[in-house]
Amino acid sequence: MSVRVRFAPSPTGFLHIGGLRTALYNYLFARHHGGTFVLRIEDTDQNRYVEGAEEDIIKSLEWAGMTIDEGPNKPGDVGPYRQSERKTMYAEYAKQLVDGGHAYYAFDTTEEIDEMRERLKKSGNPSPSYDSITRQSMKNSLTLPQDEVEKRLENGDEYVIRLKVPRRETVKFEDLVRGIVSFETGGLDDQVLMKSDGMPTYHLANVVDDHTMGITHVIRGEEWLSSAPKHMLLYNAFGWEPPTMAHLPLIMSPSGGKLSKRKAESEGIPVNTKDYISGNYEPEALVNFLAYLGWSPGDDSEIHDMKELCELFALDRVSKGGAVFNHKKLMWYNEHYIRETSVSELVPRIKALAEAQGFDTKDEEYLTKVIELLHERVSKIDEFVSMGSFFFEAPKEYDENALKKWKEDSAGFVKAYESKIEALSESDFIAANLKSALEETVAENEVGFGKVMMPVRIVTTGQGFGPDLFASLELIGKEETLSRIDSALKQLT
Ligand code: GLU
């Protein structure tokens, strides 16, 4: 049997980073087994539907390098791939459950259900629900006479279809991550399967689709574990073989607790995939990082690209415990993948970023040299532009922290250095000579290297640190370097 997995997001907003990890684990599992990766859009909840969410999901998966084998954008044999387009199918399956005695029509109004809850609360039940006991005193096809049920259905009375959860049973299944999981049905309510508007709930649609789409493994977040027993009851009721389950550990915030949107924001962690795209992260870095957020290959290797991850990935190495989102680690990966990228590949990307900042990048040879100088220093691609802005324009201001090192004698040292490099011809204005000039200035004034170097760096780049200063000045050129020194001295003295 060949592996078929699905990523089944609800289009209720931008794709969350946790959703991207779920998609990734499904994708890696599919590729590892030569299987199929399906995208199914679970859009039965019309109230929570967000325009553009599906496009965002597809764009995010593509950006991360996950190819969808079947989905709304690439129909296969088991479509449609949007649940809203499968509506008639769910009604038929729900009817099948009613006919088989596994589900029933319930005609209770919201008020009647509230009343039941109030009544039970008063008699000491803290969380009453519509279940195997309370259903007996409600208005449904199990309690009403057959002819009244038929009449109500004919009249078009509002109803929902509920799952008839058995009173005392143990639902047991093996989860590939969590081992044997067991639930008592006594704790379950009679889940609504079809709503009064004729739409299925998540539970019914999910089970019908996983079955009819031939899904072999359900890999999803731990927050769905509590739904699994209901799904198992449904598979049983239909007489279908359930898919193998794997519930992934929660993603935790560094300060503890689940990485919610609010927590992530307060800790400076981008929460939606689109923020990583617009934030210029390397997709390979995010993929590598997310793969390790709840899984590891079992040795101490850490760097693997998508291809290697596909080879290595196995569900039995997914951890049960929550995985802490460590943003520093992500930046470490990001840095690594930037170093791995060749300068020629970086050029067009940085050109676009620099142009967006209004910098002139027509001289590609110049841009290439800038990139070479900064390649080992940046951890995100946009830093080529922010850290390297002085290669494109004279500093407009001087970094406050750096200026703390600007002392009374600084201007004098800068002038002494200036007079030496002024004497160099254009063709001699090269890193080695610029360095000797600084060494001479240092020796003549009998001071430490930093006493001269730091002020020169500040006046020419505006910053207190950066790439090799002499190579930078060579690149900026004689005329520009001298003009920067002059205007800085005017401002700073
Ligand atoms: N639609 C659910 C979600 O938004 C899918 C859960 C599942 O994979 O069964 O995550």
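Only the coordinates and a few stated rules stand behind these numbers; no lab work does. Values in this document were obtained by computation on a predicted structure and should not be read as measured data. With ideal geometry, Cβ positions are generated from the backbone for all residues, glycine too; neighbour counts draw on all protein chains shown.
Explain nothing, just compute: Karplus ³J(HN,Hα) = 6.51 cos²θ - 1.76 cosθ + 1.60, θ = phi - 60°, for every residue of the stretch 329-336 in order, whole Hz, x for Gly and Pro.
Rounded to whole hertz, the list is 5, 4, 5, 5, 5, 4, 4, 4.
Between Gly221 and residues 5 or more places away or on another chain, which pairs have amide H atoms under 5 Å apart, with H built 1.01 Å from N, and which residues are they?
Those qualifying (amide H under 5 Å, at least 5 residues apart or on another chain) are Leu248.
For a Förster distance of 45 Å, can you work out the FRET efficiency between the beta-carbons of Ser386 and Thr212, rounded to the nearest 0.05?
The calculated FRET efficiency here is 0.30.
To the nearest 500 deg cm²/dmol, what mean residue ellipticity at 222 nm is calculated for the chain from DSSP H runs of n ≥ 4 alone, each contributing -39,500 (n - 2.57), summed and divided by the residues?
Result for the chain: -13500 deg cm²/dmol, rounded to the nearest 500.
Could you give the size of the charge dipole of the stretch 215-308 about its Cα centre, using +1 on the Cβ of each K and R and -1 on the Cβ of each D and E, expressed in debye and rounded to the nearest 20?
That gives the stretch 215-308 a dipole magnitude of about 640 debye.
Can you tell me the orientation of helix 478-492 relative to the chain, as the angle in degrees between its alpha-carbon axis and the longest Cα principal axis, to the nearest 10?
On a 0 to 90 degree scale, this one is about 80.
Which far-off residues, 5 or more places away or on another chain, put their amide H under 5 Å from the one on Phe7, with H placed in the peptide plane?
Val38, Leu39, Arg40
Sequence-distant or interchain residues sharing an amide H contact under 5 Å with Leu188, placed H: which?
Correct list: empty.
What distance in nm separates the two pseudo spin-label positions at Lys362 and Thr110, each 7 Å out from Cα along the beta-carbon direction?
Distance between label points: 6.6 nm.
Post the alpha-carbon centroid distance, the stretch 265-344 to the stretch 458-493, in whole angstrom.
Each part reduced to its Cα centre gives a spacing of 38 Å.
So what are the ³J(HN,Hα) numbers for the stretch 93-105, from phi and the Karplus equation (6.51, -1.76, 1.60; θ = phi - 60°), rounded to whole Hz, Gly and Pro as x?
5, 5, 4, 4, 5, 4, 4, x, x, 9, 8, 8, 7
Calculate one ³J(HN,Hα) per residue across the stretch 85-90 by plugging θ = phi - 60° into the Karplus curve 6.51 cos²θ - 1.76 cosθ + 1.60, and present them in order as whole Hz with x for glycine and proline.
Once θ is set to phi - 60°, the couplings for the stretch 85-90 become 8, 10, 3, 4, 4, 5 Hz.
Take the Cα of Lys396, step 7 Å along the line toward its Cβ, and report every residue of the stretch 342-362 whose backbone nitrogen sits under 13 Å from that point.
Hits in the stretch 342-362 for Lys396 at 13 Å: 357-359.
When the chain is fully extended, how far beyond the present Cα-Cα distance does Ala91 get from Asp409, taking 0.36 nm per residue of separation?
Roughly 106.0 nm would be gained on extension.
Separation of the stretch 233-252 and the stretch 348-387 by C-alpha centroid, Å?
49
Setting aside same-chain residues fewer than 8 positions from Lys369, which lysines have a Cα under 27 Å from its Cα?
Straight-line reach from Lys369, under 27 Å: Lys351, Lys380, Lys396, Lys420, Lys435, Lys478.
As an exercise, use a Förster radius of 41 Å and the Cβ-Cβ distance of Arg262 and Ser137 to find the FRET efficiency, rounded to the nearest 0.05.
Efficiency, from the Cβ-Cβ distance: 0.50.
If you find the alpha carbon centre of the stretch 1-56 and of the stretch 92-126, how far apart are they in angstrom?
Rounded to whole Å, the Cα centres lie 32 Å apart.
Describe numerically, in nm with one decimal, the distance between label points set 7 Å from Cα along Cα→Cβ at Glu174 and at Glu311.
2.9
Looking at the stretch 234-322, which trypsin sites (Lys or Arg not before Pro) are in a loop (DSSP not H, G, I, E or B) and have at most 14 other Cβ atoms within 10 Å?
Sites meeting the loop and neighbour criteria: Lys320.
Please label the shape of the stretch 1-87 as rounded, prolate or oblate, based on the square roots a ≥ b ≥ c of the eigenvalues of the alpha-carbon gyration tensor (a/c under 1.5 means rounded; beyond that, a/b larger than b/c means prolate, else oblate).
Oblate, because a/c is 1.5 or more while a/b does not exceed b/c.
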